[in-house]
Amino acid sequence: MKLRFASGKVWRYVIASISKIIDEGVFIIGEDGVRLRAMDPSKIALVDFHLPRESFTEFEVTGVENISVNMSDLAKILKRAVKDDELVLESSGAKGLTVSFVGHGIRSFTLPSLELAPEELPELKLDFPVMIRAPPSVFKEIVRELEPVGEVIEFKTVSPENTLIARSYSDIVDAQIVLSVQDGSLYELSAREDSVSSYSIDYLIDIAGVSSVAEDFVFEYGSGLPCRLQFTLPYGGKIVFYVAPRVE
């Protein structure tokens with residue numbers, strides 16, 4: 001197996017976020033591209049990462065290959081990616097996965113493969129009453145502004161007002177951010193009903209790093225439902241996170 005991707009930086013930020021949610025993962029590499037689906041040990045968050053075959057400038061694979069790695073170790077290697085680095089991934093048989101950066105020279109690192117099977121996870125089919133589309137940077141700013149305040153972020157949408165209120169609080173501080181299509185902070189907001197739900201800020205912090213390389217962001221949620229955070233990546237990729245609601 002040999003894959004070549006135009007930007008090592010994209011993988012750097014994506015895998016950094018994934019590695020904070022799962023310890024080990026299995027990349028399934030086949031004719032339709034590369035996919036990783038996994039749930040964190042506490043069953044609070046699920047990640048679904050997909051890069052279609054067309055995302056790669058070189059894609060050589062026979063049949064289907066499963067590449068299992070320690071995500072923290074992979075993130076440490078990908079942290080070395082700099083601007084304009086191409087990324088090359090090669091399976092090395094029993095030796096594991098070789099990660100190479102092609103830019104100013106070729107820098108290569110080999111990770112041992114693990115004996116893991118892909119998780120059997122059902123496709124989630126949830127009917128979200130609220131859909132919000134915004135610049136990825138807006139989500140990152142919400143999390144960064146509210147992180148010092150409390151342990152959760154509460155999202156509230158009042159349908160006639162077409163606004164999203166993000167709130168965090170503690171015994172000392174209560175902070176909120178109000179966003180709308182009218183003020184330009186959101187691209188779209190669709191709400192069938194009033195909704196309010198809270199999610200652990202720790203998970204949202206881990207996920208927010210993807211915003212640095214994402215091209216678009218869609219946030220869906222509803223009262224008492226998990227939230228769905230979808231990031232559109234360069235070259236046709238996509239990563240989706242589901243986070244269970246925090247019940248006080």
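Each reported figure results from applying straightforward, stated rules to the coordinates on display, with no laboratory input. None of these values were measured; they are calculated from a predicted model. Every residue, glycine among them, receives a Cβ derived from its backbone with ideal geometry; neighbour counts consider all protein chains shown.
Simple point charges give the picture: +1 on the Cβ of Lys and Arg, -1 on the Cβ of Asp and Glu, and for the range 130-243 a dipole about the Cα centre of about 340 debye. Here the contact order of the chain, divided by its residue count and restricted to Cα pairs under 8 Å and six or more residues apart, works out to 21 percent. When the C-alpha to C-alpha distance is required to be over 27 Å, the pairs from Lys20/Lys95; Lys83/Lys156; Lys2/Lys79; Lys2/Lys140 that qualify are Lys83/Lys156; Lys2/Lys140.
Averaging the Cα positions of each part gives two centres, and for the range 72-115 and the range 1-25 these lie 10 Å apart.
Taking a Cβ cut-off of under 15 Å around Phe109, the surrounding Lys, Arg, Asp and Glu residues balance to a net charge of +2, with basic ones at +1 and acidic ones at -1.
Based on DSSP H segments of at least four residues, each scored -39500 (n - 2.57), the chain has a per-residue ellipticity at 222 nm of -4500 deg cm²/dmol.
The charge dipole of the range 2-111, taken about its Cα centre with unit charges on the Cβ of Lys, Arg, Asp and Glu (plus for the first two, minus for the last two), comes to roughly 420 debye.
Across the options Phe139, Phe219, Val102, the greatest Cα extent toward the positive end of the charge dipole of the chain (unit charges at beta carbon of Lys, Arg, Asp, Glu) belongs to Val102.
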